[in-house]
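The values are calculated or read from the model by the stated rules, or taken from the named source; none is laboratory data. Since this is a predicted model, take the numbers as computed values, not measurements. Every residue, glycine among them, receives a Cβ derived from its backbone with ideal geometry; neighbour counts consider all protein chains shown.
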Amino acid sequence: MGIVNVTEDSFSDGGMWNDPAVAVAHANRLLADGADLIDVGGESTRPGAVRVAAEEELGRVVPVVRELAAAGIPVSVDTMRASVADAAIEAGAALINDVSGGLADPRILDVCAAGEVPVCLMHWRTDRFGSASGRAEPSAGGIVPEVRDHLRRLADRAVAAGIPTERIIVDPGLGFAKNADDNWALLHALPDLVADGLPVLVGASRKRFTATVVDGQPRPPRDADDATAAISALAAAAGAWAVRVHEA
């Protein structure tokens, strides 16, 4: 899954692909490099990010989705808003990727059910959707049991909204209100998450915890692509449905 952020403030590539023509060209490069699916996002969830208005998100996302879908390219849309999901599906989106797990705007589950598209539901321990920092205090029972239980409950909500189980994907939410130990624990437990029976999306790309892999020193996000590639390969070997990456 290749990432195309049409945002001003994403943590590693904000402002680079805002022009629709540039975004489409970047998507085609990712496809040429091996991506099977393009994930278009119009709202940053980096730590400290401020949510944009729905109209702004729509204006960023829909033109890119429409052009990619018209060319027969499978497109996912990274959004927490039902209105954006609805417009994206109308424009040809084949998947809705909701980092809030359907909690920020519960109507998004109804939209996905009506549009008959798969939905990806992510674990994010927060009561204030919009900033990936969230709450990172330790989990009483450990991060892995918490995430597995939370994802099961999110999937149950989606089924209750009319989305068949075979159209539900889950994401453990690496880097979202989690410390480095949490992230590594979840990657280590990926076979268990896969064994729970739902396809698992893994998004480690350029996350802060990956930047210390090489020599223990923090690096700028764009310098973490080698570590991302290694983690993504291991995730794929462990049974991940897809890996979400900035560079394919």
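Applying a threshold of 7 Å to beta carbon distances and a minimum spacing of six or more residues, or different chains, the list of pairs starting in region 67-92 at a residue that is more than 16 Å from Glu116 (Cα to Cα) and ending at one that is polar (S, T, N, Q) reads Asp78/Asn97; Met80/Ser100. Residue pairs whose Cβ atoms lie under 6 Å apart, separated by 6 or more positions or on different chains, with the first residue in region 224-236 and without any contact (Cβ under 8 Å) to a residue 24 or more places away in the chain and under 13 Å from Arg208 (Cα atoms) and the second in a helix (DSSP H, G or I) and of a type in the set (Ser, Thr, Tyr), are Ala224/Thr210; Ala227/Thr210.
Among the residues making up region 167-187, those that are without any contact (Cβ under 8 Å) to a residue 40 or more places away in the chain and either in contact with a strand residue (DSSP E or B) (Cβ under 9 Å, 6 or more places away or on another chain) or not hydrophobic (A, V, I, L, M, F, W, C) (or both) are Leu174, Asp181, Asn183.
Within region 166-181, the set of residues being closer than 16 Å to Pro145 by Cβ and at pLDDT 95 or above comprises Val170, Pro172, Gly173. Scanning region 195-230 for residues that are outside any loop (DSSP other than H, G, I, E, B), modelled with pLDDT of 95 or more and within 17 Å of the chain's Cα centre (by Cα) returns Val200, Leu201, Val202. Taking first residues from region 1-24 that are more than 13 Å from Arg60 (Cβ to Cβ) and among the polar types (S, T, N, Q) and partners that are at pLDDT 70 or above and outside any helix (DSSP H, G or I), the Cβ contacts under 6 Å between residues at least 6 apart in sequence or on separate chains come to Ser12/Arg206. Residues in region 117-130 that are assigned to a strand (DSSP E or B) and in contact with a Ser or Thr (Cβ under 8 Å, 6 or more places away or on another chain): 2 in all.
Checking the conditions here, which among Asn28, Asn97 is within 15 Å of the chain's Cα centre (by Cα) and either under 21 Å from Glu247 (Cβ atoms) or buried (at least 24 other Cβ atoms within 10 Å of the Cβ) (or both)?
Working: Asn28 fails: within 15 Å of the chain's Cα centre (by Cα).
Only one candidate qualifies: Asn97.
Can Leu186 be described as at pLDDT 95 or above, outside any loop (DSSP other than H, G, I, E, B) and closer than 23 Å to Thr45 by Cα?
Details: at pLDDT 95 or above: yes; outside any loop (DSSP other than H, G, I, E, B): yes; closer than 23 Å to Thr45 by Cα: yes.
Here the answer is yes, as Leu186 does meet what is asked.
Could you tell me which numbered condition Val4 fails, if it satisfies all but one of (1) farther than 27 Å from Ala161 by Cβ; (2) surrounded by fewer than 24 Cβ atoms within 10 Å (Cβ to Cβ)? So the condition that Val4 fails would be (2). Counting only residues that are within 18 Å of the chain's Cα centre (by Cα) and under 14 Å from Val84 (Cβ atoms), region 46-59 holds 4 of them. The residues in region 15-26 that are touching an Asp or Glu at 6+ places or on another chain (Cβ under 9 Å), of a type in the set (A, V, I, L, M) and closer than 19 Å to Ser205 by Cβ can be counted, and the count is 1. Scanning region 34-55 for residues that are touching an Asp or Glu at 6+ places or on another chain (Cβ under 9 Å) and among the hydrophobic types (A, V, I, L, M, F, W, C), we see that the one that is modelled with the highest pLDDT is Val40.
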